[in-house]
1. Is it the case, given these coordinates, that GLU138 is in contact with a helix residue (DSSP H, G or I) (Cβ under 9 Å, 6 or more places away or on another chain) and either loosely packed, with under 15 Cβ neighbours inside 10 Å or modelled with pLDDT under 95 (or both)?
2. Name the single residue that is modelled with the lowest pLDDT among those in region 153-186 being among the aromatic types (Phe, Trp, Tyr) and assigned to a loop (DSSP other than H, G, I, E, B).
3. Between residues in region 25-41 that are surrounded by 12 or more Cβ atoms within 10 Å (Cβ to Cβ) and residues that are among the acidic types (Asp, Glu), which pairs lie under 8 Å by C-beta distance while being six or more apart or on different chains?
4. Counting only residues that are of a type in the set (A, V, I, L, M, F, W, C) and either surrounded by fewer than 21 Cβ atoms within 10 Å (Cβ to Cβ) or at positive phi (or both), how many does region 149-166 have?
5. So THR189 clears everything in (1) surrounded by 15 or more Cβ atoms within 10 Å (Cβ to Cβ); (2) touching a helix residue (DSSP H, G or I) at 6+ places or on another chain (Cβ under 7 Å); (3) in a loop (DSSP other than H, G, I, E, B) except one condition, right? Which one?
6. From (1) farther than 30 Å from MET158 by Cβ; (2) in contact (Cβ under 8 Å) with a residue 40 or more places away in the chain; (3) of a type in the set (A, V, I, L, M, F, W, C); (4) loosely packed, with under 14 Cβ neighbours inside 10 Å, pick out the condition that doesn't hold for MET8.
7. For a quick check of your reading of the model, give me the residue pairs whose first member lies in region 138-165 and is closer than 21 Å to LEU116 by Cα, whose second is part of a strand (DSSP E or B) and among the acidic types (Asp, Glu), with beta-carbon atoms closer than 7 Å and at least 6 apart or on different chains.
8. Could you look through region 192-238, keep only residues that are free of Cβ contacts under 8 Å to residues at least 40 places away in the same chain and among the basic types (Lys, Arg), and pick out the one that is surrounded by the fewest Cβ atoms within 10 Å (Cβ to Cβ)?
Amino acid sequence: MSFYPKGMRSANYLSFYAERFHTVEVDSTFYACPSARTVANWGARTPEGFIFSVKVPQVITHEKVLVDCDSDLNEFLNTIDLLGQKLGPILFQFPFFSRSAFRNQHEFLDRLVPFLRKLSSAHKFAIEIRNRTWLNAELANLLRVHRIALVLQDRAWMPNPSDLDFDPITADWTYIRWLGDRKSIEEQTTTWDKTIVDRTTELSSWVDYCHQIVKRGVLIYGYANNHYAGHGPATIEQFRNLWRGKGLPEIATLKQSTQKSSLFD
């Protein structure tokens, strides 16, 4: 059964989604900076308190890799700022870097640090790293200085945060992405309308981990990719049910989300 009602126009998907969830991660901004009209439309179609997390365009993270991209970033930020209070975290999703791009982590950090110094404290920025060995205390401490969130991932070839030997919480908020194993699940389905992979065990562990973060007063933004279990909205709903089943404090509603310490997609 599809998440969206049969016959619903795609133009109405966002409004329907926003009636059921607090926030969304926008993937389309990764491919190009949206138009001002598009961004204004997002705001108009969602209720007060709804939050958009947006990916920085790949021209910055993949093509130019932080070099000579000030104009690209400024154009993107000026456009996305049209969301006003509905703008949430801004995600730098970096690719896996081979040694032909950076010989080691320090070479990457030598490029990252000057870039971070230019970022405005008026925005919430998050950084996703896909080089497993670069996830360490040195990176976390650097991001902590700049109050930038290190993305926590549930991904086939990346460590879970509970397995790390350092504290991955680098700001007073954090960003979780349930991503899964794209290659494996695409061998089972290419239709993303129902759960294919049982993630009950993993999500139950995530509930416990998130509860510990919430007790620290950290705001959580959490998003599930369809490739995690087969259907992103179903994954979030299962997380919510597991959370309630453990008798934990209610997750924020739209009206509460600016006051509570957890905010899940």
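The values are calculated or read from the model by the stated rules, or taken from the named source; none is laboratory data. Keep in mind that this is a model prediction, so the values were computed, not measured. Positions of Cβ are generated from backbone atoms using ideal geometry, with glycine treated the same way; all protein chains shown enter the neighbour counts.
1. Yes, satisfied.
2. By that ranking, first place goes to TRP157.
3. Listed pairs, sorted by first residue: GLU25/ASP265; CYS33/ASP72; CYS33/GLU75.
4. Here the count works out to 5.
5. Only one criterion is unmet by THR189, namely (2).
6. Failed condition: (2).
7. VAL151/GLU128
8. Restricting to residues being free of Cβ contacts under 8 Å to residues at least 40 places away in the same chain and among the basic types (Lys, Arg), the top hit is LYS215.
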